[in-house]
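The values are calculated or read from the model by the stated rules, or taken from the named source; none is laboratory data. All figures in this text were calculated on a predicted structure; none of them were measured in a lab. All Cβ positions, even for glycine, are placed from backbone atoms using ideal geometry, and neighbour counts span all protein chains on display.
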Amino acid sequence: MGKIIHFKDRGGVPPANLITAKPFEFRAADWESGHFIQVLRSQSAVLEKHRREIYEKGEVGVQHLPPHYVLGGSMAYTIRSMFIYRSNEEQMREVYYLAGLMDCMIHRVHPLLRTENIAEIYKKIVTLKTLLSANWYASLDQVLFPLDAQFYDDGEYRNQLARATNMKELYHVIREQTDDMFDILSLEYVFYTPGRGAGWEEPKEA
């Protein structure tokens, strides 16, 4: 969690912070934070109520944040690419599919990828990265966003991947499941951009 700071102001209502409502709800953070954060919709409602209360007292920022996920590491590159396409659902889904391919190659051990097929999926990843102008730097760790267990069964996803007998089936499972994940993220979560003063500049929309 980033350092939370406060400034005295005249009081009133907080400035509108909604960037997009769909397909993902993105809001601007008015506290100091170096990363995007992912918050349950119910917790975002609590946070927005808290923001209003703070502004009514003549201050800016927040005194505390509700439970949330910090999208650091490789997830930071995933969310930045998706934010660039924030008004283009098709492209956002393509970015998340690309992240799913990388996740499969790095974290999901599969017999199909112990053969020459590894070169095929690598070529597919490079092609999509170029088409989407999406990049991940340094060593890759988690690229897909966290999902609470009540919304998604990651064990079942692993089982479906394990049942794939050829690359066509593998790609189908990744596409289907990353679309399901995308739908859950759209319905159940809100994303806050890094706060100002964090050395982060909002990328231009593609």
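Structure notes:
- Taking the stretch 110-139 as the range and being assigned to a loop (DSSP other than H, G, I, E, B) and surrounded by 16 or more Cβ atoms within 10 Å (Cβ to Cβ) as the test, the residues that pass are His110, Ala134, Trp136.
- Any hit, the stretch 165-178, residues being farther than 29 Å from Ile84 by Cα, in contact (Cβ under 8 Å) with a residue 40 or more places away in the chain and part of a helix (DSSP H, G or I): yes
- When the stretch 105-157 is filtered for residues that are under 29 Å from Pro67 (Cα atoms) and over 17 Å from the mean Cα position of the chain (by Cα), the ones remaining, listed by number, are Ile106, His107, Arg108, Ala138, Ser139, Gln150, Asp153, Gly155, Glu156, Tyr157.
- Within the stretch 48-85, restricting attention to residues that are crowded, with 16+ Cβ neighbours inside 10 Å and among the basic types (Lys, Arg), the residue that is farthest from the chain's Cα centre (by Cα) is Arg51.
- Condition check for Val95 on (1) buried (at least 22 other Cβ atoms within 10 Å of the Cβ); (2) within 20 Å of Val39 (Cβ to Cβ): one failure, at (2).
- Some residue of the stretch 190-205 being at pLDDT 95 or above, surrounded by fewer than 11 Cβ atoms within 10 Å (Cβ to Cβ) and either outside any loop (DSSP other than H, G, I, E, B) or not hydroxyl-bearing (Ser, Thr, Tyr) (or both): no
- Checked against (1) part of a helix (DSSP H, G or I); (2) touching an Asp or Glu at 6+ places or on another chain (Cβ under 8 Å); (3) not aromatic (Phe, Trp, Tyr), Val143 passes all but a single condition, namely (1).
- Residue selected from the stretch 28-47 under the condition among the β-branched types (Val, Ile, Thr) and part of a strand (DSSP E or B), by the criterion nearest to the chain's Cα centre (by Cα): Ile37
- Test: Pro66 is touching a helix residue (DSSP H, G or I) at 6+ places or on another chain (Cβ under 6 Å), closer than 15 Å to Val95 by Cβ and assigned to a loop (DSSP other than H, G, I, E, B): no
- Cβ-Cβ under 8 Å pairs, at least 6 apart or on other chains, the stretch 63-78 side on the phi > 0 side of the Ramachandran plot, far side crowded, with 18+ Cβ neighbours inside 10 Å and of a type in the set (Lys, Arg): none
- When Val95 is tested against the conditions (1) touching a residue at least 40 places away in the same chain (Cβ under 8 Å); (2) under 14 Å from the mean Cα position of the chain (by Cα), the lone failure is (1).
- Against the test of being of a type in the set (D, E, K, R) and more than 15 Å from Tyr77 (Cα to Cα), the options Lys124, Lys129 yield a single qualifying residue, Lys124.
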